[in-house]
Amino acid sequence: MSEFVHGLIRLRRGPWEMVASILIALGVFMLMQPFVLWLYTWSFLVILVGTVGFIVVSHFPEDP
Amino acid sequence: MSDAPMDRVARATPAGAARRIRGLSDRAIAWIFVAPSIFLLLAVNIFPLIWTIRLSFTDYRVNRPNRDVEWVGLRNYERILTDDDVWATMQATAHFLIWTIVLQVLIGFALAWLINKKFRGNDLWTTIIVLPMMLSPAVVGNFWTFLYQPQIGLFNYAVAFVTGADPASFSMIGDVHLAPWAIVIADTWMWTPFVMLICLAGLRSIPDSIYEAAECDRASPWRQFWTITVPMVLPFLMLAVLFRGIENFKMFDLVVQLTGGGPGNVTTLTSIDLKREAFERWRTGYSSAYAVILFVTVFGLASIYVKALNKVKDR
């Protein structure tokens, strides 16, 4: 866990890609879940942040 | 001058053209060759995408080209993301997507595993199994409409034979609870062979020596399946899921032919709803915003999926 946080602080690709992937997956779940309209309303924003984030962080350096 | 292909081409080039080309750098010549492809890519893919994003912030209607176009900001997105009907469409798409992928992967893998065993008539069975995939989705939709007929449909008779129910007592495409399953069954019938072929390629790529070594170590068939077969076929399976996932997210023709999105809206998938907004209600700006939402969703999902696929391949 501390390695993960360290990677985030040092702007490493692996942990940041993980964060972006979690955001995308969460957004898709929010978009298609049948329970709460509020989650559906905010789903696109979450997916968009995750997708744009994924494109940006995939240019971060790998862990040596 | 030698008779090498390069020299023959040089001799055959007209003097004027040769003079012009001789003055260009390698980089310039490379650009000349690549430029048509880049131009086509920009014209066919990138420009429409940028134009769609621009239209999504307006109230443009393509059936009224002379009307003034008003900039509406995020209003189209706000309307889509607070609309109960669009939300229901997303849920119908999720149901279709999840169940078709689960069924196609399970049945496709099982069929591939069986076909991979050497038996008499193996090739004939492979050909018969892949036949549905070669048909047009419109034909398959029509074909299943007849199969699902309550009075004469073979599907109803088959279900009645197994369950003992009256074949005319249920209608697969007329019942709000059964219609979502009707499209899942038809799509699974059509596209399971595709998943089977990809899995078969994976199974045939596993060297026999690995199984022989496992047998020497007295590994049971069950253990061989979980520790050799599944991990080695996994990248192929993931590829099949990616292809089917993207394809089913934009599923249109089969479902339109089979149920037309009904009864009510229970089988209205996002692509069908999008087409209605764009070309029946002519709300171009609104449908552009809808298309952008779907594009970003598929793009995001494909990104994480390709990352996972690369991880599995690197293992």
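Tabulated data
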quantity: Answer residue from region B:260-315, given it is in contact (Cβ under 8 Å) with a residue 12 or more places away in the chain, away from chain A (no Cβ under 12 Å) and among the aromatic types (Phe, Trp, Tyr) and is nearest to B:Pro235 (Cα to Cα) among those; calculated: B:Tyr286
quantity: Scan of region B:137-162 for residues that are in contact (Cβ under 8 Å) with a residue 24 or more places away in the chain and not in a helix (DSSP H, G or I), ordered by number; calculated: B:Tyr148, B:Pro150
quantity: Residues of region B:174-223 classified as surrounded by fewer than 18 Cβ atoms within 10 Å (Cβ to Cβ), among the aromatic types (Phe, Trp, Tyr) and within 23 Å of the chain's Cα centre (by Cα), total; calculated: 1
quantity: Qualifying residue in region A:20-43 (condition: in a loop (DSSP other than H, G, I, E, B), at pLDDT below 85 and aliphatic (A, V, I, L, M)); calculated: no
quantity: Every pair of residues 6+ apart whose Cβ atoms lie under 8 Å, when the first sits in region A:6-30 and is at the interface with chain B (Cβ under 10 Å from one of its Cβ atoms) while the second is of a type in the set (Lys, Arg); calculated: A:Glu17/B:Lys307; A:Ser21/B:Lys307
quantity: Matching residues, region B:222-246, being touching a helix residue (DSSP H, G or I) at 6+ places or on another chain (Cβ under 9 Å) and free of Cβ contacts under 8 Å to residues at least 24 places away in the same chain; calculated: B:Arg223, B:Gln224, B:Phe225, B:Thr227, B:Ile228, B:Val230
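The values are calculated or read from the model by the stated rules, or taken from the named source; none is laboratory data. Everything numeric in this text was worked out from a predicted model, so none of it was measured. Reconstructed Cβ throughout: ideal geometry from the backbone, glycine too, with neighbour counts over all protein chains shown.
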